Amino acid sequence: MSCFLILAVVDIGLFCCQVRFAVGFRYIVCKPTTCQWRIIPAPRSRDSPRLPPPYFMTVLKSKPLKFKILRFQPHGLCNFNCEIFNFDIWSWKQLDDLNLPDSQSLQDHRHAISVCGRLYWITLIQDEYGRLIFDQDKENWAVNPVPDPCKNRLLYEVQLSVYRGKVAIVGKRRDTETVEVWVMRYNQGVKCWNKFQTISNLKNLMQPDFSNAADTFLTWECCLCLDTTFCKYRDASGSKFLYDRRSVYFLQTDYEPIPGLRWAIKYQGFL
C-alpha cells in the first residue's frame, strides 16, 4: 500500500512526487502524459510525515533534460534551510541557509513561481512588497522590487503570476474591487514593469459556480487565478468556484517523451 504526494510541477508536465510505502519514502520525477518516471535520491534531511517542506522545480533545458529541485525548509521566522537536487550529478547538496533581515519576511514561503530557471516569492519589508529571486543555475539569491504602484501593502494585496512565460504581478486594491496585472518586459534592453490589464468589475464578475472545474476556465495564455476566481486577461470575464489554492497545480504539457526518463511499469498504478 502506498501514498502518493505531488511535491512540485513544471510546465513541460514534469512532476516531483513523494511515494510513501510501509518501509519509508521514495522520491520520483515523472511525466504522467507519457507515463515516464525515474527514482531520485531522497534529500539528506528527512521530511515530516505530516507536512513535508515545500519543493520547487525548474527546468533549465528540455533537450537534453536538465532540471533542479529546491527543498525549502523554514527554521525560525526569517531563516530557511536550502537543499538542491542537481540533475547533472544526480544527487542533493546543501546550500548556505537563507537568512532574511529581521525587517523582511516572505508572504508565503510555500508559494513560488518558476520562470526561465528562476524561482520567485513575494517578500514583505515592513509595509512594502518586494520579490525574492533564486537563480537555480547560478544558485544565488536576489531581492528586486514589484511595480511602484503596487508596493504599498496597506493599499494592495499582491501575488505572483505567469503570463506567456514572463513574470507577472497581480495587484488587487484593498479599497476597491480593481485588479491590475503587471508584466515584466524589456524596453530597449532594460527590464521594466508594464501594466497589461486593469480589471475593474471583479466584484460583479459572477456568483460562485459549483458545476464547473478549474480546467474549464484555464486557457494558458489568457488566464490568471486570483484566490478562487479565474479571469481571462483579454476581456476580464471569469468564473468562481471553491478550492484550496495550495492543492491545485496549473501547467501546460504535451505527449512528447523526455529522454532520460523510463517508461512506467512498476509505478504505472499511480501515474
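List of remarks:
- In segment 37-82, the residues that are polar (S, T, N, Q) and touching a residue at least 24 places away in the same chain (Cβ under 8 Å): SER45, THR58, SER62, GLN73, ASN81
- Counted residues, segment 126-144 - those being part of a strand (DSSP E or B) and exposed (fewer than 14 other Cβ atoms within 10 Å of the Cβ): 3
- Tabulated pairs, segment 100-127, first of a type in the set (Asp, Glu), second surrounded by fewer than 17 Cβ atoms within 10 Å (Cβ to Cβ) and outside any strand (DSSP E or B), C-beta under 7 angstrom, 6+ apart or interchain: ASP102/CYS78; ASP127/LEU154
- Matching residues, segment 1-58, being more than 13 Å from the chain's Cα centre (by Cα) and among the charged types (D, E, K, R): ARG20, ARG26, LYS31, ARG38, ARG44, ARG46, ASP47, ARG50
- The one condition in (1) of a type outside the set (Asp, Glu); (2) surrounded by fewer than 19 Cβ atoms within 10 Å (Cβ to Cβ); (3) under 18 Å from the mean Cα position of the chain (by Cα) that ASN81 fails to fulfil: (3)
- Leading residue by the ranking (nearest to the chain's Cα centre (by Cα)) among those in segment 145-184 that are part of a strand (DSSP E or B) and of a type in the set (Asp, Glu): GLU157
A short reminder: the numbers here are calculations on the coordinates, not readings from a lab. Just so we're clear, the structure is a prediction, and the values are computed from it rather than from any experiment. Virtual Cβ from ideal backbone geometry, glycine too; neighbours counted across all protein chains shown.
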